[in-house]
1. Where residues in the range 81-108 are of a type in the set (Gly, Ala, Ser) and closer than 18 Å to residue 149 by Cβ, which of them is modelled with the lowest pLDDT?
2. Looking at the range 364-415 only, could you name the residues that are of a type in the set (A, V, I, L, M) and surrounded by fewer than 23 Cβ atoms within 10 Å (Cβ to Cβ)?
3. Test of understanding: among 460, 478, which residue is more than 20 Å from residue 24 (Cβ to Cβ) and either within 16 Å of the ligand (Cβ to nearest atom) or surrounded by 18 or more Cβ atoms within 10 Å (Cβ to Cβ) (or both)?
4. Residues that are free of Cβ contacts under 8 Å to residues at least 60 places away in the same chain, over 17 Å from residue 265 (Cβ atoms) and not assigned by TED's automatic domain parsing to the domain that holds residue 503: does the range 24-37 have at least one?
5. If I filter the range 347-363 for residues that are free of Cβ contacts under 8 Å to residues at least 12 places away in the same chain, assigned by TED's automatic domain parsing to the domain that holds residue 291, among the β-branched types (Val, Ile, Thr) and surrounded by fewer than 21 Cβ atoms within 10 Å (Cβ to Cβ), do I get at least one hit?
6. So how many residues does the range 283-307 have that are on the phi < 0 side of the Ramachandran plot, within 16 Å of the ligand (Cβ to nearest atom) and in contact with a strand residue (DSSP E or B) (Cβ under 9 Å, 6 or more places away or on another chain)?
Amino acid sequence: TVDVDATDTGPTIDDNMYGVFYEDINRAADGGLYAELVQNRSFEYDPADNAAYTGMTAWAPTAPDGARGTAAVVDDAGRLNERNRRYLRLNLPAGGGGYGVINAGYNSGIRVERQRDYDFSVWARTDATAGTPLTVRITDPAGTALATPLRITLRGDGWTKYTGRFRATGSSTTGRLAVTGAGGGSVGLDMVSLFPRDTFKGRPNGMRRDLAEKIAALRPGFLRFPGGCLVNTGSHYGYTAPNWERQRSYQWKDTVGPVEERATNANFWGYNQSYGIGYYEYFQFAEDIGAMALPVVPAMVTGCGQNRATDDPELLRRHIQDTLDLIEFANGPASSQWGSLRARMGHPEPFGLTHLGVGNEENLPDAFFERFRQFRTAIEAAHPEITVVSNSGPDDAGGTFDRLWELNRAAGVEMVDEHYYNSPEWFLQNNERYDAYDRAGPKVFLGEYASQDNRFYNALTEAAYMTGLERNADIVKLASYAPLLANEDYVQWRPDMIWFNNHASWGSASYEVQKLFMTNVGDEVVPSRASGTPTTTVPITGAIGLSTWATSAAYDDVTVTSADGTTLLRDDFSAGASNWTHSSGRGSWSIVDGSYVQSDAAAEDTMVTAGDPGWRDYDLRVTATKRSG
Ligand code: AHR
């Protein structure tokens, strides 16, 4: 029986409570949301990005006429610019015959659809005084044309951008782009690009339509970007590295301006990242889908388990200034220094930034907070209208999480970003997580969460959990499932909300749950109470996250054994306390004569092994009997 008290009112629910968290993980950007069809278009792939890479990754030499030339990636003074350092040098055979390179795109190739238009562009130079005829073809893998070839004449030894448009005459999911020159001499090629003309909203340098439309269909209240671990990491490699150096932390200024002047970087997730989608494109996309933009900048501490923090005050000062400049880029008048760049890129009006995250999943709480404090002070002094979002580190059963909450609360931080990925059972057992959160403390931004699989059951438990978020909409102000996107052939993390390959995309069951909540946001919570709910005995068996069962106040008679049958948790546990310890600070518990005893029924309990730095999966077998009621 559910009793609804229509005379009472609960918290109001903000329209933008449910949003999306976009991170360039699982090749979400290049080969994904970014509509560019050519892989490694600027020949910048490097073993520093991924040991399997070379400058010619995704490219192969081709000699359609059997002629002999050479194709090599070079890095010399003839480069396109200081950030885009490498280019392809083709030495063409004299006399007849063509020689060039062919690109294999992403997944099985380049997706080409009959009757659709494709925009080709290339930066090129030639030392042939008579110029170089360049032929550009879209073909299938066997070389059969999928469009009428483009013929372009390159002239002069200075870098020039050449463009052309194809109308596809055939369809393929295994297409190739071939660029060949003839007539002798040496040709330089860079930024070899092919875009479908029908990007999302027809924007140049735009988003892939089916993916962008799936995100837009959620009607997300906000767009958190660009990460995740992506934001902080890389900085351990040297904050001061020149702006074309790989493994720099994510710095927004590397990602704006003309695409051919943006560096590429080694992605934390093990691949090359082009910055073709950069801060301008993210802001534009947020505006296009009606979402509040919520960028996250690095705090000069490496989260995600890397445990380093800069001690260079000048460097910290520079990054704080970069963050102030970012706010000017988003909100400043077109006459301001960074506002004028935004205007030149096509958006004279401000983007209306209101929230900004500093740091992601930080696991050096004090080091992070000391630097966060400096960011926050500077931002609030110059822009009191901006909400500066802090974080709670990994949800690590005590330690970092509790310390960061303590620091955030003491400093009166407005909003704290929490992350957790747990079993479906955890989501069912922890529906009441936020009921007891301190209403006088910071608001919660649940920036990342997911039940750990992509089955219907996971989505169902997420939906159940979201009712708990919504019931606490006065304290949980924003929530986003994570990660958002995954290319099925390049997966670093699962589950994910939307899956794709080079020609198709599909939402998971979790996508449908998110859509259900985002497109049906209520105005206010109406208090209700359920009674007469059945008492059941639920045996739990299997390998589960340790924190999953340990956080449960709902179970009794717990036995934990390792996979080989060894009993790990015994009756004398609380007395002997050999290898298990309780460390939550939010409640206490013990096992007495085989029974679970909780001394603070309102609190969430967690438990980790002594000396363990945080949450992780253990191969444990758990059986438990659900407490009656
Ligand atoms: O969403 C995937 C990763 O999970 C994010 O990069 C990080 O913040 C978290 O650990």
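The values are calculated or read from the model by the stated rules, or taken from the named source; none is laboratory data. Worth saying up front: this structure is predicted, and the values here are computed from it rather than measured. When we count neighbours, we look across all protein chains shown, and the Cβ atoms used for this are built from the backbone with ideal geometry, even at glycine.
1. Pass one, the range 81-108, residues of a type in the set (Gly, Ala, Ser): 94-98, 100, 104-105, 108.
Now restrict to residues that are closer than 18 Å to residue 149 by Cβ: 96-98, 100, 105.
Values: 96: 79, 97: 85, 98: 92, 100: 97, 105: 98.
Here the residue is 96.
2. Looking only at the range 364-415, we keep the residues that are of a type in the set (A, V, I, L, M), and these are 364, 367, 378-379, 381-382, 386, 388-389, 397, 404, 407, 410-411, 413, 415.
Of everything in the range 364-415, those that are of a type in the set (A, V, I, L, M) and surrounded by fewer than 23 Cβ atoms within 10 Å (Cβ to Cβ) turn out to be 364, 367, 378, 379, 381, 382, 386, 388, 407, 410, 411, 415.
3. Details: 460 fails: either within 16 Å of the ligand (Cβ to nearest atom) or surrounded by 18 or more Cβ atoms within 10 Å (Cβ to Cβ) (or both).
Sole residue among the options that is more than 20 Å from residue 24 (Cβ to Cβ) and either within 16 Å of the ligand (Cβ to nearest atom) or surrounded by 18 or more Cβ atoms within 10 Å (Cβ to Cβ) (or both): 478.
4. Applying the first criterion (free of Cβ contacts under 8 Å to residues at least 60 places away in the same chain) to the range 24-37 yields none.
No, there is no match, as no residue in the range 24-37 is free of Cβ contacts under 8 Å to residues at least 60 places away in the same chain, over 17 Å from residue 265 (Cβ atoms) and not assigned by TED's automatic domain parsing to the domain that holds residue 503.
5. No: the range 347-363 contains no residue that is free of Cβ contacts under 8 Å to residues at least 12 places away in the same chain, assigned by TED's automatic domain parsing to the domain that holds residue 291, among the β-branched types (Val, Ile, Thr) and surrounded by fewer than 21 Cβ atoms within 10 Å (Cβ to Cβ).
6. Narrowing the range 283-307 to residues on the phi < 0 side of the Ramachandran plot: 283-289, 291-299, 301-303, 306.
Now restrict to residues that are within 16 Å of the ligand (Cβ to nearest atom): 294-299, 301-303, 306.
Keeping just the survivors that are in contact with a strand residue (DSSP E or B) (Cβ under 9 Å, 6 or more places away or on another chain) gives 294-299, 301-303.
Number satisfying all stated conditions: 9.
So that you can scan it fast, the table gives a plain yes or no per residue for (1) out of contact with any Gly (no Cβ under 9 Å at 6 or more places or on another chain); (2) within 16 Å of the ligand (Cβ to nearest atom):
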| residue | (1), (2) |
| --- | --- |
| 129 | no, no |
| 164 | yes, no |
| 169 | yes, no |
| 180 | no, no |
| 200 | no, no |
| 205 | no, no |
| 213 | yes, no |
| 224 | no, yes |
| 227 | yes, yes |
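Results for (1) within 16 Å of the ligand (Cβ to nearest atom); (2) more than 25 Å from residue 35 (Cβ to Cβ); (3) not assigned by TED's automatic domain parsing to the domain that holds residue 457, shown as yes or no for each residue.
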residue	(1), (2), (3)
482	yes, no, no
507	no, no, no
516	no, yes, no
520	no, yes, no
